[in-house]
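Peer 1: Handing you a structure now.
The values are calculated or read from the model by the stated rules, or taken from the named source; none is laboratory data. Just so we're clear, the structure is a prediction, and the values are computed from it rather than from any experiment. Here the Cβ is made from the backbone with ideal geometry for all residues, glycine too, and neighbour counts use every protein chain on show.
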Amino acid sequence: MTHWGRPVDPLRARSRDAGVLTETYTSRPARQDADVARRAAFRPAVILVTAFLAISAAMMAFLAVATSIGIGIDIAIWIRCSLVFGSAIVLLVFTVGTSRGSRASWIRLRIVSPIIVVAVIVIVSIPGFLPDWVRIEQAVCGLLVLPVAIMANLPRMAAHFPRHA
């Protein structure tokens with residue numbers, strides 16, 4: 001940011017008082033403190049969702065390699081793992097948006113994360129639908145998303161997103 005071609009120090013506020021240019025020094029603005037607090041509050045969620053995405057991507061890579069060397073992978077496994085990978089991407093977008101201060105992303109995160117947990121529980125609990133190794137991967141993904149669903153819906157997290165901001 002510049003003022004008349006000169007760089008402006010963000011920690012310094014300039015004001016005009018009766019035509020005289022004066023400089024006043026201020027502490028960090030309250031908005032920056034709120035940003036830091038919000039990012040710190042959602043840092044565990046970002047880490048968990050990133051791990052969820054990494055595990056889902058590793059499973060997709062494994063399926064691609066297994067298929068390329070001739071191991072037959074059922075189409076249900078491909079579809080389910082693709083859906084989980086896609087949901088991991090969407091959830092990461094919402095989580096990062098939430099940590100950056102987007103109220104809309106926070107609302108979406110509050111809605112989508114419990115839905116993903118319930119979907120994983122339902123799919124994992126169906127006997128014989130998926131092989132055990134896929135069910136284990138799906139269960140691990142569900143366990144990574146569960147704390148995010150709980151954290152996003154805590155009342156103290158709502159304090160980071162006032163209704164009339």
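Peer 1: Assess whether Phe52 counts as being surrounded by 13 or more Cβ atoms within 10 Å (Cβ to Cβ), part of a helix (DSSP H, G or I) and either at pLDDT below 95 or in contact with a helix residue (DSSP H, G or I) (Cβ under 9 Å, 6 or more places away or on another chain) (or both).
Peer 2: Spelling it out, Phe52 is indeed surrounded by 13 or more Cβ atoms within 10 Å (Cβ to Cβ), part of a helix (DSSP H, G or I) and either at pLDDT below 95 or in contact with a helix residue (DSSP H, G or I) (Cβ under 9 Å, 6 or more places away or on another chain) (or both).
Peer 1: Would you mention how many residues in the stretch 126-135 are in a helix (DSSP H, G or I) and touching a helix residue (DSSP H, G or I) at 6+ places or on another chain (Cβ under 9 Å)?
Peer 2: Count: 2.
Peer 1: Return the total of residues in the stretch 65-79 being outside any loop (DSSP other than H, G, I, E, B) and either touching a helix residue (DSSP H, G or I) at 6+ places or on another chain (Cβ under 8 Å) or surrounded by 12 or more Cβ atoms within 10 Å (Cβ to Cβ) (or both).
Peer 2: Counting residues in the stretch 65-79 that are outside any loop (DSSP other than H, G, I, E, B) and either touching a helix residue (DSSP H, G or I) at 6+ places or on another chain (Cβ under 8 Å) or surrounded by 12 or more Cβ atoms within 10 Å (Cβ to Cβ) (or both) gives 5.
Peer 1: Out of Val118, Val145, Val140, report the one residue that is part of a helix (DSSP H, G or I) and farther than 15 Å from Ala51 by Cβ.
Peer 2: One residue alone meets the criteria, Val118.
Peer 1: Being exposed (fewer than 13 other Cβ atoms within 10 Å of the Cβ), over 21 Å from Ala159 (Cβ atoms) and not hydrophobic (A, V, I, L, M, F, W, C) is the filter here; which residues of the stretch 80-130 pass it?
Peer 2: Gly86, Ser125, Pro127, Gly128
Peer 1: Does Arg156 meet the test of being in a loop (DSSP other than H, G, I, E, B) and farther than 18 Å from Ser56 by Cβ?
Peer 2: No, not satisfied.
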